[in-house]
1. How many residues are surrounded by 23 or more Cβ atoms within 10 Å (Cβ to Cβ) and under 11 Å from the mean Cα position of the chain (by Cα) if we restrict to region 110-119?
2. Name the one entry in TYR234, TYR251 that is more than 30 Å from GLU187 (Cβ to Cβ) and in contact (Cβ under 8 Å) with a residue 40 or more places away in the chain.
3. Using the structure shown, decide if THR64 is assigned to a helix (DSSP H, G or I) and either at pLDDT 80 or above or of a type outside the set (Lys, Arg) (or both).
4. Just a yes or no: is a residue in region 49-61 modelled with pLDDT under 80, surrounded by 12 or more Cβ atoms within 10 Å (Cβ to Cβ) and small (Gly, Ala, Ser)?
5. I'm checking my understanding of the structure. Among residues of region 217-233 that are in a loop (DSSP other than H, G, I, E, B) and among the acidic types (Asp, Glu), which one is surrounded by the most Cβ atoms within 10 Å (Cβ to Cβ)?
6. If GLY212 passes every condition in (1) within 18 Å of VAL24 (Cβ to Cβ); (2) crowded, with 23+ Cβ neighbours inside 10 Å but one, which one does it miss?
7. Just the residues that are among the β-branched types (Val, Ile, Thr) and either surrounded by fewer than 19 Cβ atoms within 10 Å (Cβ to Cβ) or without any contact (Cβ under 8 Å) to a residue 40 or more places away in the chain (or both), please, taken from region 159-174.
8. Using the structure shown, decide if TYR206 is touching a Lys or Arg at 6+ places or on another chain (Cβ under 6 Å), in contact (Cβ under 8 Å) with a residue 12 or more places away in the chain and in a loop (DSSP other than H, G, I, E, B).
Amino acid sequence: MDLENALNEYRYLLEYADIFSLFVIALMFAEIGWDIFKKTGRGWKETAANFAIALGNIAIDRITYGLVFIIGLVLIAPYAFFDIPVNIWSWIAAIIVADLTYYWMHRLEHEIRALWTYHSVHHSSHEFNLSTGLRLAWWESLVEWIFFIPMVLIGFDLIQVLVGVVFVVTYQGWIHTEKIGKLGWLEGILNTPSVHRVHHGTNRDYIDKNYGGILIIWDRLFGTYQAEEEKVKYGVLPQIGTSNPIKINFYELGKLSKDIWRAKTWRDRLRILINPPGWMS
């Protein structure tokens, strides 16, 4: 598939994703209306920051950096080792493999500090509501496409890869909320609001748990599953203490740069980049 066709297909995918996004946005405003009616004490600065970051993503990441995601995979496609036929079974497999890929990408974004510099943006709010799902770093697409190279190399059609990625990401639009309680047996299979609340928690037992995108069975399989058992404390450690969208996006990158500058050896600088957040902090 050439670049022009890939970009056209990507635009179509975004149009379908936007339909679900409009539904989620409607839920966001319903949630906001409920919080106003109930006087829940929602932090309006945090909500405003989430929407501001989302606008930045539309203007920067989605339009410009999003192209890197497409172009990168298009350039890799001719080097695929196999050619998986496009049929109903490969479509199902593509979504499942994209979800498994997302699990490992997400996990590494927590375990490697260089990747945490952008993923921490999503975790930086001390509140948790549907607008939190909009809080995504402006440059993450510059990096995340790399994780999906294996899907292309083993022979999945490029459009199947893109559909799988968009499907996994779009699914998560509804799970950033405290308004939905536990969902019974689904908690052990799917990523639900309860499961994802744990993921955003700074409680000792909640840190670095529940990485799944759609299916939570990956966390059960790889030992990172944790059920919601106590009230969740949201944010990052330490809290960043700002609602400025620009500072939120570059806070961890600034900390990383300072630590690298202060390191005495190149070996330590490399370890700061690849070790988990908190190493030599």
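The values are calculated or read from the model by the stated rules, or taken from the named source; none is laboratory data. Since the structure is predicted, the reported quantities are computational estimates derived from the model, not experimental observations. Don't worry about glycine lacking a Cβ; one is built from the backbone with ideal geometry, like all the others, and counts go over all protein chains shown.
1. 0
2. Numbers: TYR234 fails: more than 30 Å from GLU187 (Cβ to Cβ).
Every option except TYR251 fails the conditions.
3. For THR64, the condition - assigned to a helix (DSSP H, G or I) and either at pLDDT 80 or above or of a type outside the set (Lys, Arg) (or both) - is met.
4. no
5. Restricting to residues being in a loop (DSSP other than H, G, I, E, B) and among the acidic types (Asp, Glu), the top hit is GLU228.
6. That leaves (1) as the condition not met.
7. ILE159, VAL166, VAL169
8. Criteria not met by TYR206.
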